[in-house]
Structures are given as structure tokens and as C-alpha cells.
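Throughout, read-outs are computed from the coordinates displayed, never taken from laboratory work. Not measured: the values here are computed from a predicted model. A quick note on method: Cβ atoms are made from the backbone with ideal geometry, for glycine too, and the neighbour counts reach across all protein chains shown.
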Amino acid sequence: MIYRSALKTLSVAACALTLGAGSAMAAGKTIDWAKVPEAKTVLFYPGQTSFEWIQTGTDHGGARSFTKKGDNCAGCHSEETADMGKKMVTGQKAETMVIAGKRASIPLSIKAAYDSDTLYMRFAFPAGPHNAVPFADGGKMDPDNEIKLAMMIDGGAVDKAKQSGCWSSCHHDARDMPSAPKKDALGAAKGIDTSHGYVTKYLPESRTAISLKDDPRGGWDKVKPQAELDALLKNGTFLDLSRFKSGKGGVSEDGYILAERVLKENAGATYTGKKEGDQWVVTMARKLKSGQPGDVAMEDGKTYTVGFAVHDDYVAGRFHHVSVDMRLGLGASGPDVEIKAAKQ
């Protein structure tokens, strides 16, 4: 999901969107958001880019820097995400299923705070124009949810997650991607649930092999034995994933990504969200150390790679907007820490 412009880096216009000042309730605690520093980023439409795509030179001009030098996506692209989204959303680059009228990018404002046992997050972004008509009957892929907002946390054990964020879980054979398997072939994989008719996100560590260049690209059906997957989960090789869904008055989901995406309602992270004027405001609270499988144990003074995604216009699957890798610091600061969580 990375694109390097052949032209000079284009700067993104500063986001004018700001988070509401004053105090707000989050999971029973009053957070003084006015005292919390604000981070701004631009989510972009990623098209059909993937973990395999970013490591292939014929697809991605920065593949060598990524694989050989260890460069991260944000280091090259944080100032040009809006331009990248424009190229993808219009089909100029890495997209064969163009959605007319879809936004190329979305400005996202982020605030983070924490106390002795809980992390609190607050997000705001402009509501969509709702003029996009996705590939679904009635024009809505997910008619129950106008928006969804997801957050990923890497605990440090997932290969290349620190460089690429959520791209380590996005593959060329997932839903609506170029190498996605036919439905009648899905039964070939053991150890994952394919009853929904497609392959979800997964980590390379959960497979015995991943094809980066040869078609079909990916490794959806090469799942490791369950005992090995259990060991990976226990040792922290997963991406912590939580999500807010706007339907039904707001639904919180929590889980992780390893052999597949696992999400359960009311399983840990607690979200609330509503539309305030022309923007969505979503808050989240989660225990620093829940002790639950698939939850990253967070500590004061540490920094974590995080990623964010927003589904707007009732879309589902990969037709979302995403961030490049970002750093969240709990009491930690530095030039690489974009999101500085304030202790309260």
C-alpha cells in the first residue's frame, strides 16, 4: 500500500479540523482534552496495493529502500498521502474498481491520553459527501454502518509492521484484491474461517510461504499448524485491532490479526461516536494491560507503531482510507513520535 511519486514530494494542505476543546467522558473518566496535544494526519485511499506490492520494484519505486534499507512508509510518504490517494481513487495507479465520487483522502485529528491503567483516544474527521456509489445493490456495501473507524497497535513482534503499519496484514489474495481466490477454492485452507466467502487480513508469520511476485501472490491457503499459531499468539506475534461501527447506536469491536482477522463485540476496547455538525467525533478507551490474548500490553514511557482506517459512505472491505505507520508514545517523545499521549 505504498506509492512513491516520480515527481518531487507534494505537501499536504494543513488540516483545519480540530478536536473539541474542554472535557469529555471516556469509559467513566473525565478527560480534559483541551490539555492534550493534537496530532494531524491524512488518511488516503490505498487502492489494490498490498504487502506483496510494496516489496516489488516493478510496482513500487520504493521497494528496494523498504526491503534493503529498512525505510518505513511514513518516512517517504507522510507528506504526499493526499496525492497518492488521488492517483489510486481515480484508477491512475493500482486500482481496477474505481468508485465514482469517492474521496481521495480524509484529514484525521487524533488526541491520546492515559492514566495508570487505561489509554484514551479521541478522533475527529469530516463526514463524507455521500456521493459515492459502491459496488453493491442500492449503492451501500454496509448499509448498517455509515462509518467505521479502526485502530491497529503493533507490540513490536510482527516483521515489517514497524515499517509499514497495517500493510503487513494486507495481502494480494484478500477480498477484492487481484489474487483473491474463487469462492469454490476457499475450502482448501485449514485453520481459517472462509465461510463468509473471502480471505480476511492475515500476517506473513502465520503462513508457511508468501509469494511476493509470482501469481497468485500471497499465501492465503498456506496456514501454519494450529500449535504454531497458538505459540505465535502467546509470544505477541499479532496486530492488536479494535474498531468502532456507527450502526445500532454505536458498536465496539476488539480483537487481533494473526492467521485471520478476529473481532468480537464488547471484548475490551470501548468506543463511543457521533456526528457533531459536519464531522464525526469518536472516542475510545482500552486497558493498558488487559491480559487478554491479542491485546498488546502497553507501558508508560514506551512507543508503539499504530495505524488507523476509516470506512465512510457505507463501504466495506478494502474500500477504506488508511494512514501510513505512525508512532504513539505514552509519556515518550521525540522527532519520530507523532502522537504524544498525555498522562492524566
- Task: Among the aspartates and glutamates, select those whose C-alpha is under 15 Å from the C-alpha of LYS162, and discard any that sit fewer than 8 residues away in the same chain.
- Result: ASP71, ASP154, GLU205, ASP240, ASP325, ASP336, GLU338
- What net charge is computed for the residues neighbouring ILE31, neighbours being all others with C-beta under 10 Å from the C-beta of ILE31, Lys and Arg scored +1, Asp and Glu -1? +2
- Message: If you take every DSSP beta bridge fully contained in region 23-343, what fraction is antiparallel? Give it as a percent rounded to 5.
- Response: 95
- Of the listed pairs LYS111/LYS302; LYS40/LYS287; LYS201/LYS264, which have alpha-carbon separations greater than 22 Å here? LYS40/LYS287
- Note on the structure: Listing HIS172, HIS130 by rising number of other beta-carbon atoms within 10 angstrom, fewest first, gives HIS130, HIS172
- Whole-Å distance, taken between Cα centres, linking region 54-75 and region 105-119: 29
- Message: Taking the number of other C-beta atoms within 10 Å as the exposure measure, put ASP83, ASP137, ASP215 in order starting with the fewest.
- Response: ASP137, ASP215, ASP83
- Cross-link reach from LYS86 to lysines, straight Cα distance under 18 Å and at least 8 residues apart if same chain, gives LYS8, LYS102
- Note on the structure: CD proxy, 222 nm, the chain: helix-only mean residue ellipticity via -39,500 (n - 2.57) per DSSP H run with n ≥ 4, per residue, nearest 500, stands at -2000 deg cm²/dmol
